[in-house]
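**Q** Structure provided below as C-alpha cells; questions to follow.
Rule-based calculations on the coordinates, nothing more; no lab input. Since the structure is predicted, the reported quantities are computational estimates derived from the model, not experimental observations. Here the Cβ positions follow ideal geometry from the backbone for every residue, glycine too, while neighbour counts run over all protein chains shown.
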Amino acid sequence: MKKEWKILVVDSDQANARALAGRLKREGHSALVARDLEHALSILEFRAFEVLIVDVSPFSPGGLDLIGWANMACPRPRIVAIGAAIPPETERRALDMGASMVLAKPIDWDRVAASLTPTVNRSAFSGMVKSVDLIEYVQFVLLGGSQTILEVKSALGTTARLYMSDGRVIHAQCGILQGEAALYRCLRFREGTFEHLPWEEPEATTIDKPSDFLLFEAVRQRDDAWGEGALEQN
C-alpha cells in the first residue's frame, strides 16, 4: 500500500511552491505551502510533517535556519533542500545540517515525487551516496512500507542489494556476503551510487531482526569503522 506523506513546502516563490505541492498531491500525498521562515515556524508549532522541502536560494533567506531547527525536531522530518543558483558552500552547509539531498531549480518534479513513492514497476530514486546519508535514506524507504530492491554500488566497484518489504529489510547481499553482514558492509560505503530496482522475491529470507535494531547497529559499526579511518574495501 502506498504511503501518504505529510509534506511542508517552504518557498518564497509561491508559484513554484504551489506547482510542487500540486504535483505531490496528485501523487497522493498531503502537501501544505509556507511562504517564508516565519510562516513555516507558525505552522510547525502546531503540526508535524514527515517531509520538509525548503528553499535555500540566496534570495530566500531563512532556509538554512529552518533546516537547523527541523534537524532538532522530534520526530525529525526528512529534509530536502531546493533552490536556484545555490552557492557550493550553501549546498554543503545544507547537507551538513541534515538535508538528505539538494535539488536545483527548475525542480525535476518526477524525481521528487518518485523519491517518496518507490514502486514495483519503475526506478524510484537514484543518487550519490556521498550526497545522502545512506542509513537515513534506508530508514526513510522502510517507513514507506513498499516492496523495493535498493541497489548500491560503491566507488570501488562493490555492488550490494537490499531487499525491503513491509517496513523490514528481509535480505541483503554484498559481494559474497549475505544477511546482516552484507547489510552492515553496504551501509559503511563512503561513496558510490544507488537506485531502486523492480521488485522480485529474494532467493531466501536472511534477515529477521527489527529494522530499528539493524539501523542502530549499522550506525554503530559505521561510526566505529569511520572513526578508525577505515575505508570501504572491495
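**Q** Hey, if you drop one equal point scatterer on each alpha-carbon of region 161-221 and run the Debye formula without solvent, what base-10 log of I(q)/I(0) do you get at q = 0.15, 0.16, 0.18, 0.21 Å⁻¹?
**A** Each listed q maps to, in turn, -0.42, -0.49, -0.62, -0.85.
**Q** Please list 142-153, 38-49, 22-33 highest first by mean number of surrounding beta-carbon atoms within 10 Å per residue.
**A** Top of the packing list down: 142-153, 22-33, 38-49.
**Q** How large are Rg and Dmax for region 118-227 when only the alpha carbon atoms are used, in Å?
**A** So, for region 118-227, Rg and Dmax equal 12.5, 39 Å respectively.
**Q** What distance in nm separates the simple spin-label points at residue 48 and residue 193, each placed 7 Å from Cα in the Cβ direction?
**A** Each label point is offset 7 Å from its Cα along the Cβ direction, giving 3.7 nm.
**Q** Which value in nm describes the separation of the simple spin-label points at residue 217 and residue 59, placed 7 Å from the Cα toward the beta carbon?
**A** Modelled inter-label distance: 5.2 nm.
**Q** Might you report the magnitude of the Cβ-based charge dipole of region 118-227 about its Cα centre, with Lys and Arg at +1 and Asp and Glu at -1, to the nearest 20 debye?
**A** Result for region 118-227 is approximately 280 debye, rounded to the nearest 20.
**Q** Using amide H atoms built 1.01 Å from N in the peptide plane, name the residues 5+ places from residue 57, or on other chains, whose amide H lies under 5 Å from its own.
**A** Result for residue 57 returns 84.
**Q** Another question, if that's okay. How many angstrom lie between the C-alpha centres of region 142-168 and region 193-224?
**A** Region 142-168 and region 193-224 have Cα centres spaced 7 Å from each other.
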